[in-house]
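The values are calculated or read from the model by the stated rules, or taken from the named source; none is laboratory data. The shown structure was predicted, so the numbers you read here are calculated from the model rather than taken from an experiment. For neighbour counting, all protein chains shown are included, and Cβ atoms are generated from backbone atoms with ideal geometry for every residue, glycine included.
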Number of protein chains: 2
Amino acid sequence: MPTDLPQERAIRKPGSLELDPSGGEGVAIDETRKLIASNKVEGTTVYDGAGDEIGTVHNFMVDKVSGQVAYVVLSFGGFLGVGESYHPLPWRALRYDRQLGGYVVDVDRTRLESAPRYGADEDPFVDDEYGAKVDAYYRTAPTS
Amino acid sequence: MPTDLPQERAIRKPGSLELDPSGGEGVAIDETRKLIASNKVEGTTVYDGAGDEIGTVHNFMVDKVSGQVAYVVLSFGGFLGVGESYHPLPWRALRYDRQLGGYVVDVDRTRLESAPRYGADEDPFVDDEYGAKVDAYYRTAPTS
């Protein structure tokens, strides 16, 4: 199930980027911060339009030349990485909500579920055309 | 010494983002790729204007709202993390060189050496004003 992740909720403080409350260097706990370190984006909570948690950020895909995040790759869970799937979304499909302390995706779950995705052992961005495929899906796909 | 890192050169293929040639999932080896994953930026080689390696990328500091990389934090070495120091530079102070497969910094080494820096146990970006301090340094500092 790509939704409802009670285990993750339990180990993550709502509205927090804190990945490991037990400590560790440089953990991001202050949601007023404007910047996030590239090595700290993983685990940032992602919400749907209703404010319900639907997953977390796996990583950002950054344009090497412009420095602009082009895609946010969402993880919809899978316990201990088993069955985890990664869903890339165009950056413009998300907005950062300071109060929630995470990203909000205004896309139907149904539409997300049939969107381009890949497994933990795949790296489709090796092909520069993959991004265009993702763009096309979110631009034109019907909500089915 | 912030320069000359023969050990790093030895374990990193020149012009490559390959961090661990012995393997691992999703290692970025193709320099024609337009995008880089946020969890793979660490270790990207940084060159001076003459094309000499001066360090590596430690991380990117990304604006959570705009998705634009605001600062690139460089690491000037230190063996096994001992004595490692991190040097944040405004994104605009670097440019990606496809042929070199890394970032080029057109800033004097002397100027870099007296620039804002921090240690592995520090996280100055907790203070949102820290970025402005970095900006100011690279805008106004004399080459001394």
Give all pairs with beta carbons closer than 6 Å in which a residue from segment A:26-54 that is more than 7 Å from chain B (Cβ to nearest Cβ) meets a residue that is part of a loop (DSSP other than H, G, I, E, B) and modelled with pLDDT of 90 or more; count only pairs at least 6 apart in sequence or on separate chains. A:Glu31/A:Gly101; A:Tyr47/A:Leu100
Residue within segment A:77-87 that is in a strand (DSSP E or B), farther than 30 Å from B:Leu89 by Cα and at pLDDT below 90 present: yes
For segment A:67-76, check the following and say yes or no: at least one residue is of a type in the set (Ser, Thr, Tyr) and either under 16 Å from the mean Cα position of the chain (by Cα) or at positive phi (or both). yes
Please specify each residue of segment B:44-69 satisfying the condition of being assigned to a loop (DSSP other than H, G, I, E, B) and surrounded by fewer than 19 Cβ atoms within 10 Å (Cβ to Cβ). B:Gly49, B:Ala50, B:Gly51, B:Asp52, B:Val65, B:Ser66
Identify the residue in segment B:128-141 that is more than 9 Å from chain A (Cβ to nearest Cβ), free of Cβ contacts under 8 Å to residues at least 24 places away in the same chain and of a type outside the set (Phe, Trp, Tyr) and, among all such residues, is nearest to B:Gly77 (Cα to Cα). B:Lys133
Scan B:Val65, B:Val69, B:Val73 and give me the residue that is within 11 Å of chain A (Cβ to nearest Cβ), under 30 Å from A:Leu100 (Cα atoms), at pLDDT 95 or above and in contact with a His (Cβ under 8 Å, 6 or more places away or on another chain). B:Val73
Among (1) within 15 Å of B:Val46 (Cα to Cα); (2) within 14 Å of another protein chain (Cβ to nearest Cβ), the one test that B:Tyr118 misses: (1)
Considering only segment A:89-111, I want to know if a residue exists there that is among the β-branched types (Val, Ile, Thr), touching a strand residue (DSSP E or B) at 6+ places or on another chain (Cβ under 6 Å) and crowded, with 20+ Cβ neighbours inside 10 Å. yes
Residue in segment B:101-113 that is among the β-branched types (Val, Ile, Thr), over 30 Å from A:Gln99 (Cα atoms) and facing another protein chain (nearest Cβ under 9 Å) present: no
